[in-house]
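Encoded as structure tokens, the structure appears first; notes follow it.
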Amino acid sequence: MIVDLACLALMVALVVDVFLGVFSRYVLQATFQWYDEVARLCFVWTVFLGAAVAVRRGTHFRLHLLIDRVGARPRRAVDVLVTLIVMAFGGVLVTGGLAIAPIARRQVTDALEISMLWFYGALPVGGALMILYSLPQLWRLVRRP
Amino acid sequence: MTLVTLVFLALLALGVPVAMTVGMAGYAGALLAAPAPLAVTVQTILHQIDSFVLLSLPLFILAGALMETGGIARRLVRLAVALVGWIRGGLGMAVVAAEYIFSGISGSTVADVSAVAATTIPGMVRAGYSPELAVAIVSSASAMGILVPPCILMIVIGSVASLSVAALFTAGFLPAVVMALVLMVYIWRLAGRAGIAAETRPSAGELAWAFWDALIPLGMPVIIFGGILGGIMTPTEASVIAVLYAAVVGVFVYREIKWKDLPDIVISSAVVTGAVGLLLGAAGVVSWFLTVQQLPATLITLMTLVPGSSLVFLFATAAVFVFFGAVIEGLPAVVILLPSLLPVAAGLGIHPIHYAIVIVAAVGIGLFLPPIGVGLFIACGIAELSVDRATRAMLPFVFVLSLGLIIVILVPWITLVLPRLLNLL
Amino acid sequence: AQTVTLKLATIVGNDNPFTTSAIKFKEVAEARSGGRIKVEVYPAGQLAKNEIVQLEGMQLGTVDVAAVSLPSIGGKWDPKLLATDVPFLYTGREHVWKVMDGALGKELMNRLEPLGAKPFCYGGGWGFRGVLSNKRAIQAPDDLKGQTIRVPPIPTLVEVFKAFGANPVPMIWGEVYLAVKQGTVDGLELPVTTAVSDKFHEITKYYSRTLHSYPAAVWVMAKPKYDALPADLKKVVDETMAVACVQHRQDEVKAEADGLAQMKARGMQVNDVKDLRPFQERAQPVWKFLEGKVGKELFDRVIAEARAAK
Ligand code: NA
Ligand code: NA
């Protein structure tokens, strides 16, 4: 639920920020230099938190055609496998995020001059949440009589 | 290359979400071609997503969600029925017209088909259309509607191919008209054979009232395009204005969105953004892999061998994107393939904007291609109809849409005249 | 003997001096190594979309050879690399090259090595940057006042335009063309070559050669990749880099002349800034800003070397 609220806050921040960008250019005649960087930061975090919530809600786009044609028992095995692959992808984001951290740590961003970890961090956090949200689904599949 | 293709096909067939399928295929490519595969995967995903042009994506998604619930679709349908409903087959034509107008404010085809299906299918069935036909009409109308700007796919193409989003937007209007006209003629003939009655002809007063009632939603495209073409804002900035406009109309003017519903609408839009964004980022990794496998260079060499012409290449491109539109929803296909295809198209003298519009139209058809197009699933879900039954009704519409696409391919003028007229090229 | 494949990335199209000299690098390296070195050239950002991604790619092992300009890298990794690009300091590209080829230039270039990129030499660059506008030509500092100008996210450039009373706007490249054409912004600042290759000369009226910046590009190779080469191939790379740098400088001079001719043929009004001094005076707050970023000692050395090189 905290993640949902974070998504909400990020989207609102994005709208307000881009609006301020236009406002500062036209009305103040002195454009806020940070507005596009802040917008991109909000967007990147929205994507990875939103993608994690989409795992929880099961709303990622997928092809049903073939699995809808198999019986109940193999279907369950397939569902377990699919959940494991989603978790594996989350694992790629987490370990890849850790692998790039030493490179990201040495960079600062253009306008805010904050560490690039603020951008790259969204990927491992999103990946970890994808794994976290997959666990109960896996549990239900395995436990189901 | 073979391994990556196999991973892709296997995971896709298993029903793994497409974003993860593309991501794992990309990671397999990185394993083969990069010394630090994990870091390269993450790096490529981030750089693919981190772009100011793509910022308009969540904003147009949010604007679409606000309008879906804001009573806007219903008013536009009423206007469309008043406009053409009295012609033979007019209700079906009205659906096409309504979708054209609705897509003029919504950037998402999924939002289009949901809103238009929910507001028109019951009415068509009451008027004597079979549920199968009703679903086919809504689906083919939505396939056409992807060409009407704003359009998320055009935003992504603009970002991938460094094309002006405003020029792409403007280029979509007339090809959509061509597709809509072809559909309307077909519906007119079909209704004649099926003996479906027309609606009663509205009086001038009723027509004026329908216009007045739809004035606020019609104001939206005026603001978006007026703002962009008038030099007041960029497409990204226009998307913020679209959000604010839709929110104000839904909450204060029509009062159909309650304050307590707003957070859910915003969060759902963030979730859609996440699903689309992850797909785009993951596709970037596959695109990187194909680049280091020298696919662009190979393609260019191949195309110089084929004795052919730009037409062969355009038709092949259209077929490829209809297929990918059906299987993986179009967006990742654009990210993966367009960087390789665009130089070839340019070498054959195809205008990049024309090329892009052909791709958009093809993806639109693919999204509703029976039996697997995701858009068709949504329409069937709303009509509570099995996809198998809808498939038979949909097939002739796919042919009709393809006919429209062929016209758009053969006559680049249709695509290019408006952006040229508005001095955007 | 085994062959070594080098991935060379440029972020510009085939006609740009960066890519033409990259092709030269390929030819020379392959010929002089007797085919033991194979060079794959990836132009137009196919492999890395900008200089930041190029350097990241060197650190990750996905990019082997590139030419990067110090200020772009400096803004992200190492502020000291911003030092040489002092606005309105240089009177011409010979002047810039003289400073870069001196002790200070070498010293700064070597700061790339700990970032994973072994530096070789300064090639040409993007060319001197100037201001394209539809509002008015820039002859004196006050001409910039009130103009809304798109500026890339390089802090020194942003400060320059603020100091002259313009309204500098950050805007992603993909939206700039239309924004200029539709009048969302009055103009932008670019070197001649890029201005022409991206067709800005078709939609703007004035090109003012303000000479406010000339970031020279350093030819670099991924350090682990270079270190792993046998001694004879290292020598081939060293020699080839020198050839590429010379070629880059020649191509850039020629490309600028071509670009200016195309601008004039298109009816653009091109003007030189006659007197740099008022610009230098007005830019003093920016010099202070830069001095704060890179440290007084280094900044003073840049100024001293530049004055000595005149
Ligand atoms: Na649309
Ligand atoms: Na739409």
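Here, each number is a calculation from the coordinates, and none is a lab measurement. Everything quoted here is computed from the prediction, not taken from an experiment. No Cβ is skipped: glycine too gets one built from the backbone with ideal geometry, and neighbour counts run over all protein chains shown.
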Quantify how much of the Cα-Cα distance distribution of segment C:83-200 extends past 20 Å, in percent. 51 percent
With just the Cα atoms defining each centre, how far is segment B:217-253 from segment C:163-189? Give it in Å. 21 Å
Between A:V53, A:V70, A:V16, find the one with the highest GNM mean-square fluctuation for chain A; connect C-alpha pairs within less than 10 Å. A:V70
What net charge is computed for the residues neighbouring C:K76, neighbours being all others with C-beta under 11 Å from the C-beta of C:K76, Lys and Arg scored +1, Asp and Glu -1? -4
Between the residues C:A242, C:S69, A:G90, the Cα farthest towards the positive end of the dipole of the protein assembly as shown, that dipole coming from +1 and -1 charges on the beta-carbon of Lys, Arg, Asp and Glu, is from A:G90
Scattering from the C-alpha atoms of segment B:49-421 alone, worked out with Debye: what is log10 I(q)/I(0) at q = 0.07 1/Å? -0.29
5 Å is the cut-off here: which amide hydrogens, built 1.01 Å from N in the peptide plane, fall below it relative to C:S69, excluding neighbours closer than 5 in sequence? C:V218
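Please compute the alpha carbon radius of gyration of segment C:1-140, then divide it by the globular-protein estimate 2.2 N^0.38 Å. Two decimals is fine. Intermediate values should be presented prior to the final figure.
Values: Rg = 16.8 Å, N = 140, 2.2 N^0.38 = 14.4 Å.
Dividing the Cα Rg of segment C:1-140 by 2.2 N^0.38 Å gives 1.17.
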Once the cut-off is 23 Å, how many percent of the Cα-Cα pairs in segment C:178-305 end up in the long-distance tail? 57 percent
In chain B, once you exclude exposed GluC sites (Glu not before Pro) (DSSP loop, at most 15 other Cβ within 10 angstrom), what's the longest stretch remaining? B:1-255
Whole-Å distance linking the alpha carbon centroid of segment B:360-425 with that of segment B:111-132 is 18 Å
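Would you mind getting the Kirkwood hydrodynamic radius of the protein assembly as shown from its Cα pairs, rounded to one decimal in Å? Before the final figure, lay out each step's value.
Numbers: mean 1/r = 0.0349 Å⁻¹.
Hydrodynamic radius (Kirkwood, Cα pairs) of the protein assembly as shown is 28.7 Å.
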Short version: ³J(HN,Hα) in whole Hz for each residue of segment C:107-120, in order, from phi by Karplus 6.51 cos²θ - 1.76 cosθ + 1.60 (θ = phi - 60°), x for Gly and Pro, what are they? 4, 5, 4, 5, 5, 6, 4, x, 8, x, 10, 6, x, 10
Apply the Karplus curve 6.51 cos²θ - 1.76 cosθ + 1.60, θ = phi - 60°, to the phi angles in segment A:72-81 and return the couplings in whole Hz, x for Gly and Pro. 5, 5, x, 4, 5, 4, 4, 4, 4, 4
If you take all C-alpha pairs in segment A:8-125, what percent of them are over 16 Å apart? 71 percent
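Find me the longest stretch of chain B that has none of the exposed trypsin sites (Lys or Arg not before Pro), where exposed means in a DSSP loop (not H, G, I, E or B) with at most 12 other Cβ atoms within 10 Å.
Working: sites that count: B:R255, B:K258.
It works out to B:1-254.
From Cα pairs below 8 angstrom and at least 6 apart in sequence, can you work out the relative contact order of chain B, rounded to a whole percent? Walk me through the numbers before you get to the answer.
Working: 662 pairs, mean separation 110.2, N = 425.
The value is 26 percent.
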What is the pair-distance distribution P(r) of chain C, computed from all Cα-Cα distances in 10 Å bins starting at 0, with each bin given as a whole percent? 6, 27, 35, 23, 8, 1, 0
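In debye, nearest 20: dipole of the protein assembly as shown around its Cα centre with unit charges on the Cβ of K, R (+) and D, E (-)?
Values: 69 positive and 59 negative charges, 159 e Å.
Once rounded to the nearest 20, the dipole reads 760 debye.
With +1 on each Lys and Arg Cβ and -1 on each Asp and Glu Cβ, and nothing else charged, work out how big the dipole of segment B:49-421 is about its Cα centre, in Debye to the nearest 20.
Once rounded to the nearest 20, the dipole reads 660 debye.
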No other cysteine beta carbon under 4.7 Å away is the test; run it over the protein assembly as shown and list who passes. A:C7, A:C42, B:C151, B:C380
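When a/c reaches 1.5 or more, the comparison of a/b and b/c decides; with that in mind, is segment B:287-350 rounded, prolate or oblate per its Cα gyration tensor?
Working: a/c = 2.22, a/b = 1.21, b/c = 1.84.
Here segment B:287-350 falls in the oblate category.
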Over chain A, what is the relative contact order in percent, taking alpha-carbon pairs closer than 8 angstrom and at least six residues apart? 28 percent
